Amino acid sequence: MEPLDLTPDMLLRAYAIGVFPMAEDRDDPDLFWIDPRMRGILPFKQFHVPKRLARTIRSNKYRVTFDACFEGVMDGCAESTERRPRTWINDKILTLYTSLHRMGHGHSVEVWEGDKLVGGLYGVTLGATYFGESMFSRARDASKVALVHLAARLMAANFKLLDTQFVTKHLEKFGAIEIPRQDYRILLAEAISHEADFHWNRRDNEVLDVL
């Protein structure tokens, strides 16, 4: 694969046809297109919240915000940890997705413990599709709390598709599945033909709808 020299507009056009960029490593300056043969999605109709996690969310242990610290979330997703010593988010990814955020297409969910950012996730919206990119956690269940709040927000705003790119055991617990590339492209074309606003109809208690 040839390295990519991307602009934010080119990136949005790529998402519209089902491909996305990644780097080989945090220190690798180059980006490459990814077009998985099997694509991960999280269907809203079968979204499931584990009981213990639901109790954690109801306890209000964490405070959740949206688009309050996009770059901080990206930095969290890019950092190396013992469980994840290598990441694919390089400086070009950070610059590109921060630009998408400023354009209104990049959105994050932040999870706070007091004033400390302990988890979150970020992704891209196009039409009524949310393309999940990455998540991180510095405290127990923080990334999972972010995912539940994301799903609740998307359902409240009438999004049609939550793309997870790949399926992990972590995501399977919430109902994520894999579908063939061609089936995904059909769902994607339908979803991006609709309009949805990430901040439309925002309600403080919307997460209760999915618990």
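The values are calculated or read from the model by the stated rules, or taken from the named source; none is laboratory data. Computed from a predicted structure; not experimentally measured. Reconstructed Cβ throughout: ideal geometry from the backbone, glycine too, with neighbour counts over all protein chains shown. To get the accessible areas, we keep the full protein, side chains included, count just its heavy atoms, and leave off ligands, DNA and RNA. Shrake-Rupley method; radii C 1.70, N 1.55, O 1.52, S 1.80 Å.
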Note to self: Probe of 1.4 angstrom, ligands and nucleic acids ignored: what's the accessible area per residue over region 113-178, in square angstrom?
What the structure shows: 34 Å²
Notebook entry, point to check: Ignoring any ligand, DNA or RNA, what whole percent of the accessible area of the chain comes from carbon and sulfur when the probe is 1.4 angstrom?
Noted result: 50 percent
Item checked: Positive-end extreme of charge dipole, the chain - chosen from Ala176, His101, His48 (charges on Cβ) -> His48
Margin query: Name the residue from Tyr62, His194, Met38 whose Cα lies farthest towards the positive end of the charge dipole of the chain, charges +1 on Cβ of Lys and Arg and -1 on Cβ of Asp and Glu.
Written below: Tyr62
Item checked: Accessible area expressed per residue, region 1-71, with surrounding protein chains retained (probe 1.4 Å, Å²) -> 58 Å²
Notebook entry, point to check: What are the residues whose amide H is under 5 Å from the amide H of Ile34, where those residues sit 5 or more places off or on another chain and H is modelled from the backbone?
Noted result: Phe20, Met22
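Which links in Lys92/Lys173; Lys51/Lys144; Lys45/Lys173 stretch past 24 Å when you go from one Cα to the other?
Lys92/Lys173
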Next item on the list: Loop only per DSSP, at most 11 neighbouring Cβ atoms within 10 Å: give me the GluC sites (Glu not before Pro) in region 61-156, ordered by residue number.
Entry: Glu82
